[in-house]
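Read the structure below first, then the notes.
Throughout, read-outs are computed from the coordinates displayed, never taken from laboratory work. Predicted model, so just to flag it, every value in this text is computed and none were measured. Note that each Cβ is placed from the backbone with ideal geometry, even for glycine, and that neighbours are counted across all protein chains shown.
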Amino acid sequence: MISFKGRQHQLSIILQCMRWYVAYSLSYRDLEELMQERGYAVDHRSIQRWVVHYASRIEKAFRKNKKRTGNRWRLDET
């Protein structure tokens, strides 16, 4: 399990910022502005540090738990 111990912000805020950064083409400053609109004071440099520090670890944990696909597949005629 990935440890978020010692971070100033809540786990949900860190993961939300990381998800938005990875899933959408938002800059760190855009994310900072979005968090301010929601009432959270987060610096864009903090978000950048989170992404650098946790992105590879989260991907590794995801790949480890991801189910393998089967070796058979079918193609429908259209």
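Stretched out fully, how many nm does the piece from residue 8 to residue 27 gain, at 0.36 nm a residue minus the Cα gap? Write out the running numbers ahead of the final one.
Details: separation 19, 0.36 × 19 = 6.84 nm, distance 2.13 nm.
Length gained between residue 8 and residue 27: 4.7 nm.
In 5 Å bins starting at 0, how do the alpha-carbon pair distances of the chain split up by percent?
Over the chain, the share of Cα pairs per 5 Å bin runs 3, 13, 22, 19, 12, 9, 7, 5, 5, 4, 1, 0 percent.
Rounded to the nearest 10 degrees, what's the angle between the helix 11-23 long axis and the longest principal axis of the chain, both from Cα atoms, 0 to 90?
Here the helix axis deviates by roughly 60 degrees.
By how many nm would the segment from residue 45 to residue 77 lengthen if fully extended, with 0.36 nm per residue of separation less the alpha-carbon distance?
Numbers: separation 32, 0.36 × 32 = 11.52 nm, distance 5.16 nm.
Using 0.36 nm per residue and subtracting the Cα-Cα distance, I get 6.4 nm.
Which length gain, in nm to one decimal place, applies between residue 52 and residue 19 when the Cα-Cα distance is subtracted from 0.36 nm times their residue separation?
Additional length available on full extension: 10.6 nm.
Which one, 40, 24, 54, has the greatest fluctuation when you compute a Gaussian network model over the chain with C-alpha springs under 10 angstrom?
For the chain, modelled as a Gaussian network with Cα springs under 10 Å, the answer is 24.
Using the Cα centre as the reference, give the magnitude of the dipole from point charges on the C-beta atoms of the chain (Lys, Arg: +1; Asp, Glu: -1; all else neutral), rounded to the nearest 20 debye.
Using only the charged Cβ atoms, the result is roughly 700 debye.
Compute the distance in nm between two label points, each set 7 Å from the Cα along the Cα-to-Cβ direction, one at residue 36 and one at residue 63.
With each label placed 7 Å out from Cα toward Cβ, I get 3.7 nm.
Angle between the Cα long axis of helix 44-65 and the longest principal axis of the chain, 0 to 90 degrees, nearest 10?
For helix 44-65, the angle is close to 30 degrees.
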